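**Q** For reference, the structure I am asking about is given below.
The values are calculated or read from the model by the stated rules, or taken from the named source; none is laboratory data. These figures come from a predicted structure and were not determined experimentally. Ideal geometry is used to build each Cβ from the backbone, glycine not excepted, and the neighbour counts take in all protein chains shown. For the accessible areas, the whole protein counts, side chains as well, though only heavy atoms, and no ligand, DNA or RNA atoms are used. Shrake-Rupley method; radii C 1.70, N 1.55, O 1.52, S 1.80 Å.
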Amino acid sequence: MHRRIITPGVLAAASLLLAIPASATSGTPGAPGIGDPYYPDYGNGGYDVSHYDLRLRYRPGTDELQGTATILARTTQDLSGFDLDFLLDVSEVRVNGSRAAFARSGEHELVVTPGTPLAKGTPVTIVVRYGGVPSAKSAYGFTTWHRTPDGAVAADEPEAAWWWFPSNDHPGDKATYDVSVAVPDGTQAISNGTLQSTTSKLGWTTYNWRQNKPQATYLATLALGRFDITTGTSDGGVPVLNAYSRDLGDDDGAARASVERTGELVDWLSGYFGPYPFASAGGYVPRTTTGYALETQTRVYYSPKQFRNGSNTSVVVHELAHQWYGDDVSLKGWKDIWINEGFARYAQWLWSEHEGEGTPRELADYVYASHPADDAFWTVAPGDPGPDHQFDAAVYDRGALAIQALREEIGDDAFFAVLKGWPKEHAYGNASVADFQEYAERVSGRPLAALFGTWLFAPSKPAVPAARAASLAGTGTRVARPRSWRRIEATNDVHRH
Ligand code: ARG
Ligand code: ZN
């Protein structure tokens, strides 16, 4: 139920309604979800965001976050109200300058009802004032706000924004960002894009970050804590900014020996994927305990765990590959996750070859041979894995195997043209697995429905061409494990929460 607050705006709107023609309808509420079958209530209907401006203040000792979000959007239907996805406590919402009523609904919906209905196709400015302790909030029984000894980190997939800013939380609605964060002197605030400036006043330092290219909400990140920041520029001219918790202990050397190679690896990946799509690159390593890393746009999140066994350039290659496959070109729906994880994994296979630790073909043979036909691995279709299997090994490994099958089907020239052409084809946009198949068919001039059906969609182990079958398991031959295998496998510790 929405409680309607009677404000002068509402009264004015009511009297105005008498004067305007009937065609100016009062509109209907925007849907509580954007329409993704994997997560029906993620994102929202009725509007499209172009920019988030977030003014935040954080106290590491108590985990208190206060903020004002100014959201620039455009309506896509006549709207009597709309939802934002958000968990913190809201004190005020304004729509186009006037106070709006708001209420909570479902697991993470903030239902906003402006005094005046909004006409389709018009710009709207939404201001939300809020505060709270993010670690004290949960939805569906989990929280993805990760506390550290010196602060906190927001980095998770597919949900992370609910704990720090109100949003239309789905990759289908990308936007630019200004994120300004005040923290006590001595604490740093890390976010996406370029650091425009820092200012200091009365014991607080404000970090002003700007992401000037469209960014999906789950790729927005915030890290608060005591960090050492390094900067540089790659040979190819890409500005790099990295940040390391001052408290990484024994993991510090290996973390830096990996992440400080970001510039070199961005340049190397550009050879396969085309020019780096963003104004800055880099990563940060806070003192978290998650198993996964995350391709947060321009500023990758790494868990110290990734570096526990020494330097790990493979995970850096994986997350940087996502900057093209996932961040520049984002998925249309969460079912399209293969375009992210299959290609980031395949980039690790290419890096393995570069390092002399096994070729993509050897890695493909190893994946194929190490899962017998009755292994549940083959029941997961990377092309549409289902929400419970989105980050399964099958999406990564069977996903990369599908890419190797495509390469062998269309030949190296067409394959590498597809690899490099795709980010350009859908630059800063969204695309689906079907779009990818269509593009690969166009570039290669071959029908690929059967190949995609077999490798991405069939719930069973594909047969390999007879010529190759002899060298693969199932014939009793053992396939050697490439040297890069264990490190590649450790990239995705797949527990969702
Ligand atoms: N996209 C991440 C990767 O680099 C995986 C994140 C999985 N999500 C999670 N909450 N564990 O592979
Ligand atoms: Zn990944």
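**Q** Only one of (1) farther than 30 Å from Val479 by Cβ; (2) touching a Gly at 6+ places or on another chain (Cβ under 9 Å); (3) more than 11 Å from ligand 1 (Cβ to nearest atom) is not met by Phe307, so which one is it?
**A** (1)
**Q** Now a separate question. Restricting attention to the stretch 125-133, does a residue exist that is among the polar types (S, T, N, Q) and closer than 22 Å to Thr221 by Cβ?
**A** Scanning the stretch 125-133 turns up no residue that is among the polar types (S, T, N, Q) and closer than 22 Å to Thr221 by Cβ.
**Q** Here's another thing I want to ask about it. For the list (1) part of a strand (DSSP E or B); (2) closer than 23 Å to Gly429 by Cα, I need the number of the one condition that Gly43 fails.
**A** (1)
**Q** So, in the stretch 347-381, of the ones that are part of a loop (DSSP other than H, G, I, E, B) and under 26 Å from the mean Cα position of the chain (by Cα), which residue ends up surrounded by the most Cβ atoms within 10 Å (Cβ to Cβ)?
**A** Once the filter is applied, the top-ranked residue is Ala381.
**Q** Same structure, new question: Might you check whether a residue that is within 16 Å of ligand 1 (Cβ to nearest atom) and either open to solvent by less than 10 Å² (accessible area, probe 1.4 Å) or farther than 30 Å from Ala431 by Cβ (or both) occurs anywhere in the stretch 206-215?
**A** Yes, the stretch 206-215 contains a residue that is within 16 Å of ligand 1 (Cβ to nearest atom) and either open to solvent by less than 10 Å² (accessible area, probe 1.4 Å) or farther than 30 Å from Ala431 by Cβ (or both).
**Q** I'd like the residue in the stretch 134-163 that is open to solvent by 10 Å² or more (accessible area, probe 1.4 Å) and closer than 20 Å to Gln390 by Cα and, out of all such residues, is nearest to ligand 2 (Cβ to nearest atom).
**A** Taking the candidates together, the pick is Glu157.
**Q** Given the conditions (1) surrounded by fewer than 18 Cβ atoms within 10 Å (Cβ to Cβ); (2) outside any loop (DSSP other than H, G, I, E, B); (3) basic (Lys, Arg); (4) at pLDDT 95 or above, report the number of the one that Arg407 does not fulfil.
**A** Just one mismatch for Arg407, condition (1).
**Q** Considering only the stretch 101-149, give the strands (runs of 3 or more DSSP E) lying wholly within it that have at least 2 residues that are touching a Phe, Trp or Tyr at 6+ places or on another chain (Cβ under 6 Å) and closer than 15 Å to Ser167 by Cβ.
**A** 109-114
**Q** When the residues of the stretch 62-110 are narrowed to those that are open to solvent by 50 Å² or more (accessible area, probe 1.4 Å) and among the β-branched types (Val, Ile, Thr), which ends up farthest from the chain's Cα centre (by Cα)?
**A** Thr62
**Q** Which one of the conditions (1) away from ligand 2 (no atom under 16 Å from the Cβ); (2) part of a helix (DSSP H, G or I) does Ala394 fail to meet, given that it meets all the rest?
**A** (1)
**Q** For the stretch 395-438, how many residues are in contact (Cβ under 8 Å) with a residue 60 or more places away in the chain and hydrophobic (A, V, I, L, M, F, W, C)?
**A** 9
**Q** Further, regarding this structure: Which of the residues that make up the stretch 330-357 are farther than 21 Å from Pro37 by Cβ and more than 10 Å from ligand 2 (Cβ to nearest atom)?
**A** Tyr346, Trp349, Leu350, Trp351, Ser352, Glu353, His354, Glu355, Gly356, Glu357
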